[in-house]
Amino acid sequence: MRARMALAYSGIDYEHREILLSDRPEELYSLSPKGTVPVLQLMDGTVIDESIDVMKWALSQSDPEYWYTENIEMQNSLIDQNDGDYKKWLDKYKYHVRFKDGSYEEYQNAVGEILTTYESTLSNSSYLCGEKITLADMALFPFVRQGAHVDLAWFQGEFLNLSNWLNSFKDSELFLSIMKKYNVWNSGETGILISEFINP
């Protein structure tokens with residue numbers, strides 16, 4: 001989701017192939033042995049297989065609203081925390097029945113501790129790094145959205161500022177533009193179909 005938003009924001013055209021993770025085609029593994037999405041293959045054959053790296057690459061091509069030009073250290077710190085500790089606890093929170101080493105409440109509390117830091121920041125500013133949207137906002141937004149929807153009543157009751165921040169992105173033209181549904185791509189087919197992004 002965040003890779004798609006960055007590519008759309010930067011105005012980059014690409015061939016889109018939608019796959020089922022339960023039935024991953026060999027073409028995906030040929031690009032990236034990890035077999036995860038997204039995977040971006042550039043015209044020179046370079047493969048980028050981490051969503052944050054896709055975002056940073058896209059912004060290096062075009063960053064019209066200067067998402068990634070100020071507060072770089074702060075942005076990177078927020079992204080590292082999100083992609084590390086927050087993502088770890090989020091997975092356990094979402095799939096708590098699989099993770100028997102802790103309880104649902106423990107996982108929710110761990111997620112909540114991190115969300116509380118965002119809530120505090122947003123009590124004094126419109127966005128996570130100040131008064132303008134940055135890469136950090138867009139990189140964290142899909143994961144905060146996932147955490148919110150595990151228990152939306154809890155999230156909205158605990159995090160008013162963060163809820164408003166989240167809703168502003170959920171209602172944005174950019175987000176709505178990348179939520180189009182695609183048919184699943186079958187091996188051997190061609191056409192505009194996500195696992196592989198190609199910059200023209």
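The values are calculated or read from the model by the stated rules, or taken from the named source; none is laboratory data. Since the structure is predicted, the reported quantities are computational estimates derived from the model, not experimental observations. For neighbour counting, all protein chains shown are included, and Cβ atoms are generated from backbone atoms with ideal geometry for every residue, glycine included.
For Thr117, only one of the following conditions fails: (1) of a type in the set (S, T, N, Q); (2) surrounded by fewer than 18 Cβ atoms within 10 Å (Cβ to Cβ); (3) assigned by TED's automatic domain parsing to the domain that holds Glu18. What is its number? Thr117 satisfies all of (1) of a type in the set (S, T, N, Q); (2) surrounded by fewer than 18 Cβ atoms within 10 Å (Cβ to Cβ); (3) assigned by TED's automatic domain parsing to the domain that holds Glu18 except (3). With respect to Ile19, determine if the residue is in the same structural domain as Tyr182 (by TED's automatic domain parsing) and within 20 Å of Gln146 (Cα to Cα). Considered against the rule, which asks whether it is in the same structural domain as Tyr182 (by TED's automatic domain parsing) and within 20 Å of Gln146 (Cα to Cα), Ile19 comes out as no.
Restricting the search to region 61-105, which residues are hydroxyl-bearing (Ser, Thr, Tyr) and either farther than 29 Å from Tyr9 by Cα or not in a loop (DSSP other than H, G, I, E, B) (or both)?
Once the filter is applied, which keeps residues that are hydroxyl-bearing (Ser, Thr, Tyr) and either farther than 29 Å from Tyr9 by Cα or not in a loop (DSSP other than H, G, I, E, B) (or both), region 61-105 yields Ser77, Tyr86, Tyr93, Tyr95, Ser103, Tyr104.
Residues in region 135-149 that are within 17 Å of Tyr104 (Cα to Cα), in contact with a helix residue (DSSP H, G or I) (Cβ under 7 Å, 6 or more places away or on another chain) and not small (Gly, Ala, Ser): Gln146 alone. Select from region 43-60 the residues that are outside any helix (DSSP H, G or I) and in contact with a helix residue (DSSP H, G or I) (Cβ under 8 Å, 6 or more places away or on another chain) and list them in ascending order. Result: Val47, Ile48, Asp49. Residues in region 48-94 that are surrounded by fewer than 20 Cβ atoms within 10 Å (Cβ to Cβ), of a type in the set (A, V, I, L, M, F, W, C) and more than 17 Å from Phe141 (Cβ to Cβ): Ile72 alone.
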